[in-house]
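**Q** Below is one structure. I have some questions about it.
The numbers here are math on the coordinates, done by the rules we state, and not lab data. Note that this is a predicted model, so its numbers are computed, not measured. Cβ: placed from backbone, ideal geometry, glycine included. Neighbour counts: every protein chain shown.
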């Protein structure tokens, strides 16, 4: 540590403590220890103000798909700032950057999509989803279809509406959520809830919960089922293979919109451009963000099927929604440069054929017989290690969140950033990670897991 770094760290920690309430933590407790102050990033690495180097195994928050410090994205932002730093898409106006982005986006989208409404984040995209879906049903003459069905332990954002769509109880306790006409069914988390059922049986059972809930509420009252293709913040939980085909069948049978939250899964994470492609289903809407710009600047969007988009345009009249920064020219320029990089460098293809399979193989070779790890899930460059007390019975630790949090803390000490969620350690490195960097990620994660096991007496 340099003599200059420590005072700088202390200064920023003091400002943070005095003026910030940070996300998903006890600020009073954080103030006692002080946050790490991240100062620089390059590729898959970060450095803090103390000079410590970390391999970022979480790509920020699942978003820096092309890594840190990309000069092509920086140049795109700079050029656009010089040319047109801001204009809106209100008042019968548009601008070149947003149209260039949209043309490229629709060239990549699977299936029959026709329209997009841009936002600034995944939370906003899912907030907009509520109003847009309800407006669609009004326009097509089915105004009673108001109810949204989400999943327990799902995550869709942190605004009033998006947090309601999500199924995290501790979030609902802040703000008297969920809002009316949002209900939830069980999550397809076989390790925790599967009991004696096979994964295939459990997947069908979870899907049946959706049909049961639709019949309970009345299909004429249900607007949409909203879910992540795989659960992200809930623990990188991958449903059994039997799950999504049955979910899609049920939604089609009862004329319920199938809305995929692709905020984490979109733009190459699974080795497909969108995670719904990996799981083989066709959503009516896609909520996007994060990987759209690789986190270089905030941007999100709600993509609509042709069925929805054309109904809203041809018969919907005024679309009573707008955001000051929707389709921001600088964000659009950065997003286009990001998509250029993903395509030009074959990054998504490489995740599918090379680095993704390599990560998954290495994880299973290293952790399949580890005494602390009961299950390994993942595909492409996203994965989870499930900690458990007894592999045979799938018994989880009563204090599993404390154990995984400790593992996450040890990871920082070892120079790797991995995340803990309930009893799972999760990772999602930048899509540009190399095999040698994957080796480093695996090795440092192994050390963190081994140290955690030793501390709690697991041998």
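**Q** For the stretch 361-459, compute Rh as the Kirkwood radius over C-alpha pairs and then the Stokes-Einstein diffusion coefficient at 10 °C and 1.306 mPa s; write the answer in µm²/s, rounded to an integer.
**A** Working: Rh = 13.4 Å.
Reported coefficient: 119 µm²/s.
**Q** Report for the chain the percent antiparallel among DSSP-assigned beta bridges with both residues inside it, nearest 5. Don't skip to the end; give the middle numbers.
**A** Working: 33 of 49 bridges.
Expressed as a percentage, antiparallel bridges in the chain total about 65.
**Q** Suppose the Debye formula is applied to equal point scatterers at every Cα of the stretch 154-287; what is log10 I(q)/I(0) at q = 0.19 Å⁻¹?
**A** Debye output, listed in q order: -1.19.
**Q** Between residue 140 and residue 241, what length in nm is gained on full extension when 0.36 nm per residue of separation is reduced by their alpha carbon distance?
**A** Details: separation 101, 0.36 × 101 = 36.36 nm, distance 3.34 nm.
Separation in residues times 0.36 nm, less the Cα-Cα distance, equals 33.0 nm.
**Q** Restricting everything to alpha-carbon atoms, can you work out Rg to Rh for the stretch 323-386 with a Kirkwood hydrodynamic radius?
**A** Ratio value, two decimals: 1.24.
**Q** In the calculated pair distance distribution of the chain, what percentage of Cα-Cα distances lie above 38 Å?
**A** Percent of Cα pairs beyond 38 Å in the chain: 23.
**Q** While we're looking at this one, here's another question. So how many Å³ per residue does the convex hull of the Cα atoms of the stretch 1-64 work out to?
**A** Numbers: hull volume 6.2 nm³, N = 64.
Hull volume normalised by residue count: 96 Å³.
**Q** Taking one equal scatterer on every alpha-carbon of the stretch 72-344, how large is log10 of I(q)/I(0) by Debye at q = 0.09, 0.11, 0.14, 0.16 1/Å?
**A** The Debye formula, applied to the Cα set alone, gives -0.41, -0.61, -0.98, -1.25.
**Q** Output the antiparallel fraction of DSSP beta bridges having both residues in the stretch 72-344, as a percent to the nearest 5.
**A** Values: 11 of 25 bridges.
Of all bridge pairs located within the stretch 72-344, approximately 45 percent are antiparallel.
**Q** Please tell me the relative contact order of the chain in percent, rounded to the nearest whole number, where contacts are Cα pairs under 8 Å and at least six residues apart. Don't skip to the answer; put the middle values down first.
**A** Values: 884 pairs, mean separation 90.9, N = 459.
Rounded, it is 20 percent for the chain.
**Q** Would the stretch 254-359 count as rounded, prolate or oblate if I go by the C-alpha gyration tensor, calling it rounded below 1.5 in a/c and otherwise prolate when a/b exceeds b/c, oblate otherwise? Numbers along the way, then the final one.
**A** Numbers: a/c = 2.74, a/b = 1.37, b/c = 2.00.
The shape class here is oblate.
**Q** Would you kindly state how much longer the chain becomes between residue 353 and residue 53 on full extension, computed as 0.36 nm times their sequence separation minus their alpha carbon distance, in nm to one decimal?
**A** Working: separation 300, 0.36 × 300 = 108.00 nm, distance 2.91 nm.
Extra length available between residue 353 and residue 53 comes to 105.1 nm.
**Q** Continuing with this model, one more query. Please order 353, 287, 305, 162 by the number of other Cβ within 10 Å, starting at the fewest.
**A** Ordered from fewest to most neighbouring Cβ atoms within 10 Å, 353, 287, 305, 162 come out as 353, 305, 162, 287.
**Q** Using the count of nearby Cβ atoms within 10 Å as a rough guide to exposure, how do 226, 318, 348 rank from fewest to most?
**A** Numbers: 226 28, 318 5, 348 22.
Listing 226, 318, 348 from fewest to most nearby Cβ atoms yields 318, 348, 226.
**Q** Sticking with this one: Taking the beta-carbon count within 10 Å as an exposure proxy, list 434, 9, 421 from fewest neighbours to most.
**A** 434, 9, 421
**Q** Give me the Kirkwood hydrodynamic radius of the stretch 120-179, using the inverse of the mean 1/r over all pairs of distinct Cα atoms, in Å to one decimal. Mind dumping the intermediate values first?
**A** Working: mean 1/r = 0.0841 Å⁻¹.
In the stretch 120-179 this quantity evaluates to 11.9 Å.
**Q** Over all directions, average the projected area of the Cα convex hull of the stretch 90-203 and note it in nm².
**A** 10.8
**Q** Continuing with the same structure: In whole Å, largest first, what are the principal axis extents of the Cα atoms in the stretch 4-132?
**A** In descending order, the Cα extents are 51, 35, 31 Å.
**Q** May I have the pair-distance distribution P(r) for the stretch 155-220, computed from all Cα-Cα distances with 10 Å bins from 0 and rounded to whole percent?
**A** Reading the bins upward from 0: 20, 36, 36, 8.
**Q** Let me ask something else. Could you grab the Rg to Rh ratio for the stretch 214-275? Cα atoms only, Kirkwood for Rh.
**A** Working: Rg = 13.0 Å, Rh = 12.8 Å.
Value, to two decimals: 1.02.
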